[in-house]
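In what follows, a structure is listed as structure tokens, so that the remarks can point back to it.
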Amino acid sequence: MSAPPEVVERAAALRSELHHHNYRYYVLDDPEITDAAYDRLFRELQALEQRYPQLRTPDSPTQRVGAQPGERFAEARHRVPMLSLGNARDDGAVRDFDRRIRKDLDADVVTYVAEPKLDGLAISLLYEDGVLVRGATRGDGSIGEDVTAQVRTIGAVPLRLRGAGWPRLLEVRGEVYLPLAAFERLKQHMLASGHAPFKNPRNAAAGSLRQLDPAVTAARPLTMFCYGFGAVEGGDLGPTQSGALAALRDWGLRVSPESRVVTGADGCIDYHRSIGARRDGLDYEIDGVVFKVDDLQAQRALGFRARDPVWAIAYKYPAREEQTIVRSVEFQVGRTGAVTPVARLAPVDVAGVTVANATLHNIDEVHRKDVRAGDTVIVRRAGDVIPEVVAVVDALRPPDTEPVRLPAQCPVCGADVIRAEGEAVARCSGGLTCAAQRRSALKHFVSRRAMDIDGLGDKLIEQLVEQGMVRDPADLYALTVEDYAGLERMAQKSAQNLVQALARSRRTTLSRLIYALGIREVGEATAQALAAHFRDLKPLMTADLDTFIVDVPGIEGVGEKTATALLAWLQQHPDAGPGEQPLADWLAGLGIRGLRPPAAARIAERWPDLAALRRAQVADFLGGKRSRIEGVGPVVAAHIVSFFAQPHNRAVIDKLLDPGIGGITWPAPPAAEGVGADRPLAGKTVVITGTLSRPRDAVKAQLERLGAKVTGSVSTKTHYLLAGADAGAKRAKAASLGVKILDEEDLTALTQGAYAPDAGDV
Ligand code: 9MJ
């Protein structure tokens, strides 16, 4: 289908608008429109291209992540070799360099372009007729790797040059890098997910770009500064390096805003000092500055040595990595209870700053690097981030070192240190009572959405904690007006108001109290769901993991594809059914790919009723862990259980509820749904199955009087199955879901108060 002329025109206009906004955002760092407005234009172009695929030009902004992952990188030969740089280590070497240049050029003074030397990955971009046709790594300088698909995903790399006047063929050289902030985020993400993080931003940039799957590269916020050029055909860049950089900038390439024209060795040395003073504040890693003769004709006259241009030199800064000795490995407890290993080091100067401590991130990292007390290690310091131990120098390990172990108890408060399944971070479970966490626990406790205690600001909390007046939230209630009035900047009247506010907060709601306890990952919504489900604090405190999570077995022999195909077929045939045929046979005969008779039999066993099968979800076939309470998955459940398992947390709760101390109360749940001796099944869902000694309706009415909700089919939401004689499929399902099964005798015992169905769980 050929596209109408107005559509062709609109697509071209959208492409050019999107190129422009890309340039404003990635290159100038000065966007003109919001992300949402950009997305609208982007989607409009995508829609047009989908309708008329012939409009999809290679330089379209929609085509950045188009390519499929390759098997390996192809070779890319540079038209003009990519060079490295000679180094100067001190001012003297810079003066020697300038003296040689002046002599060779027979000049009194020489001007240079000075710019930061980025520590990233050198890349060459090839533009033909203004369109990006290839991206390549440096490789050995002559032949690199073809990373076109990967480079195209970098927002700062224009797919088409802007403006006019560019040479017909142009090789642009520059450095691809990962901004430090993005590197930190990536590192934290990798650490949290149990991966070995990249050692430094340069490795991260190289590792991100050299990904065979360009989609992985696209997910990393790489960017690029361009600083030079290789082949230039069918046009030229003017007479100077500085002019060439300005031209690159005009054509939409990103050039360092720090680049300057300086005069003579003094100008170079001043520039080195001024950038050096700002090195820690830059959002990228640099290992020096570079000086290049500004006059391009002079560059050509000076030429090259083996690999380096004669006309340029790098003036390095001190390395950000140094070697030192680990005196000990200790564990620090942060404000959120995270227990973090820290290396205490023999102090060492790292690029002008004395480093005596370095983070080891988490215990997995300690083991991965196998850092031990006595080891010689390499420490790294970059920008404002905390110094870290990069690696151990194995050859220098003394005999008799011991591997580091995660302490079982919090070094601050002695509470158990707990590491939730699948989490890299270990935490002190002291919560409310751990001194390291006390301030933040108290601030959370009094906050508006928790206990809503007015007049207890951060400063006051700090004082109370520092003076040892408050160790846990319950202590707040034990203090008198006089106690509070004795604090700094606390008037008698304010102290009275505070004590009144505390008194008011005593009458609260169950969900606020649960939220106020500050259980990890229990926010307001989860606290509300827990309050609604448990209706009291005690059952929540005694709940075990199975109360929150059920392990649903999958259907053997049925994978995601088959389950999806079966459910889709059922949806498309709402009136179909087995008739007289057994359900299993009927299912096996539907012709669903991959659905064999044994699997069909298992499905029929799990869902003997076709209507229930129609309501099933793909996940039900695959099995796994399911929550019984909204928002409480396995991780949150583990946090809740371990919180209440800690005796000190229970002690604080006892104090909070003690009428003589905290005296906290909340309105009892409405009588109709209340949990009490006469309503032992309040809030519980019960299913009846099998043959009972009485009519089913009578049993149902009795269950409802006991507070239960009676439903028809067993699911993960079911609490109990009341099973009579000959109970079949429902009983099997209940058993498979871990639902508790009661018989009529249990029911009789219940009505007489002689049996508590939950007792076994507690
Ligand atoms: C870096 N890495 O920032 C050069 N570089 O020039 C700058 N590298 C270079 N210039 C010639 N700014 C060869 C390498």
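The set of residues from the stretch 70-89 being within 16 Å of the ligand (Cβ to nearest atom) and closer than 22 Å to Phe229 by Cα comprises His78, Arg79, Val80, Pro81, Met82, Leu83, Ser84, Leu85, Gly86, Asn87.
The number of residues in the stretch 501-538 that are among the basic types (Lys, Arg), part of a loop (DSSP other than H, G, I, E, B) and touching a Ser or Thr at 6+ places or on another chain (Cβ under 9 Å) comes to 2.
Every residue, every condition in (1) within 27 Å of Leu170 (Cβ to Cβ); (2) at pLDDT below 90; (3) within 26 Å of the chain's Cα centre (by Cα), yes or no:
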{"site": "Asp29", "(1), (2), (3)": "yes, yes, yes"}
{"site": "Ser60", "(1), (2), (3)": "yes, yes, no"}
{"site": "Gly66", "(1), (2), (3)": "yes, yes, yes"}
{"site": "Glu71", "(1), (2), (3)": "no, yes, no"}
{"site": "Arg79", "(1), (2), (3)": "yes, no, no"}
{"site": "Met82", "(1), (2), (3)": "yes, no, no"}
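For the stretch 1-27, the set of residues classified as modelled with pLDDT of 90 or more and of a type in the set (A, V, I, L, M) consists of Val7, Val8, Ala11, Ala12, Ala13, Leu14, Leu18, listed by residue number.
What about Asp146, is it more than 16 Å from the ligand (Cβ to nearest atom) and either without any contact (Cβ under 8 Å) to a residue 40 or more places away in the chain or open to solvent by less than 30 Å² (accessible area, probe 1.4 Å) (or both)? So Asp146 does not fit the description; no. Set side by side, the residues Ala107, Ala136, Ala122, Ala88 differ, and just one is farther than 26 Å from Ala182 by Cα and open to solvent by less than 30 Å² (accessible area, probe 1.4 Å), which is Ala88.
For the stretch 477-490, state whether one or more residues are in contact (Cβ under 8 Å) with a residue 40 or more places away in the chain, in a helix (DSSP H, G or I) and crowded, with 16+ Cβ neighbours inside 10 Å. Checked the stretch 477-490: at least one residue is in contact (Cβ under 8 Å) with a residue 40 or more places away in the chain, in a helix (DSSP H, G or I) and crowded, with 16+ Cβ neighbours inside 10 Å.
Every condition in (1) within 16 Å of the ligand (Cβ to nearest atom); (2) within 21 Å of Arg160 (Cα to Cα); (3) at pLDDT below 95 holds for Leu125 except the one numbered (3). Within the stretch 607-631, restricting attention to residues that are at pLDDT 80 or above and of a type in the set (Asp, Glu), the residue that is nearest to Gly712 (Cα to Cα) is Asp609.
Does Thr433 meet the test of being buried (at least 16 other Cβ atoms within 10 Å of the Cβ), farther than 29 Å from Leu360 by Cβ and of a type in the set (Ser, Thr, Tyr)?
no
On the basis of being open to solvent by 20 Å² or more (accessible area, probe 1.4 Å) and either of a type in the set (S, T, N, Q) or in contact with a Phe, Trp or Tyr (Cβ under 9 Å, 6 or more places away or on another chain) (or both), does Arg504 make the cut? Judged against the criteria, Arg504 is not a match.
Only one residue in Arg185, Arg210, Arg173 is within 16 Å of the ligand (Cβ to nearest atom) and either surrounded by fewer than 16 Cβ atoms within 10 Å (Cβ to Cβ) or closer than 28 Å to Arg307 by Cβ (or both), so which one is that?
Step by step, each of Arg185, Arg210, Arg173 is checked, and only Arg173 is within 16 Å of the ligand (Cβ to nearest atom) and either surrounded by fewer than 16 Cβ atoms within 10 Å (Cβ to Cβ) or closer than 28 Å to Arg307 by Cβ (or both).
Sort out which residues of the stretch 551-605 are surrounded by 19 or more Cβ atoms within 10 Å (Cβ to Cβ) and of a type in the set (Val, Ile, Thr), and write them in order of number. Of everything in the stretch 551-605, those that are surrounded by 19 or more Cβ atoms within 10 Å (Cβ to Cβ) and of a type in the set (Val, Ile, Thr) turn out to be Val552, Ile555, Val558, Thr562, Ile592, Ile603. Pick from the stretch 270-296 the residues that are out of contact with any strand residue (DSSP E or B) (no Cβ under 9 Å at 6 or more places or on another chain) and touching a residue at least 40 places away in the same chain (Cβ under 8 Å): which of them is farthest from Leu83 (Cα to Cα)? The qualifying residue farthest from Leu83 (Cα to Cα) is Gly281. Restricting the stretch 31-58 to residues that are in a loop (DSSP other than H, G, I, E, B) and under 30 Å from the mean Cα position of the chain (by Cα), the residue that is nearest to Ser256 (Cα to Cα) is Pro31. Can you name the residue in the stretch 149-170 that is modelled with pLDDT of 95 or more and assigned to a strand (DSSP E or B) and is also nearest to the ligand (Cβ to nearest atom) among such residues? Across the stretch 149-170, the extreme among qualifying residues is Leu170. Can you spot a residue in the stretch 46-65 that is in contact with a Leu (Cβ under 7 Å, 6 or more places away or on another chain), at negative phi and surrounded by fewer than 16 Cβ atoms within 10 Å (Cβ to Cβ)? Scanning the stretch 46-65, I find no residue that is in contact with a Leu (Cβ under 7 Å, 6 or more places away or on another chain), at negative phi and surrounded by fewer than 16 Cβ atoms within 10 Å (Cβ to Cβ), so the answer is no.
Search the stretch 402-430 for residues being open to solvent by 60 Å² or more (accessible area, probe 1.4 Å) and under 26 Å from Val446 (Cα atoms), and hand back the single one that is farthest from the chain's Cα centre (by Cα). The residue in question is Val412. The residues listed here are Ala565, Ala532, Ala584, Ala543; of these, the one that is of a type in the set (A, V, I, L, M) and under 26 Å from Cys428 (Cα atoms) is Ala543.
When residues in the stretch 701-740 are screened for being among the β-branched types (Val, Ile, Thr) and farther than 20 Å from Ser627 by Cβ, 1 of them pass.
The values are calculated or read from the model by the stated rules, or taken from the named source; none is laboratory data. Every value quoted in this text rests on a predicted model; they were computed, and no experiment measured them. Neighbour counts run over all protein chains shown; Cβ positions are idealised from the backbone, glycine included. For accessibility, only protein heavy atoms count, side chains too; no ligands or nucleic acids. Shrake-Rupley method; radii C 1.70, N 1.55, O 1.52, S 1.80 Å.
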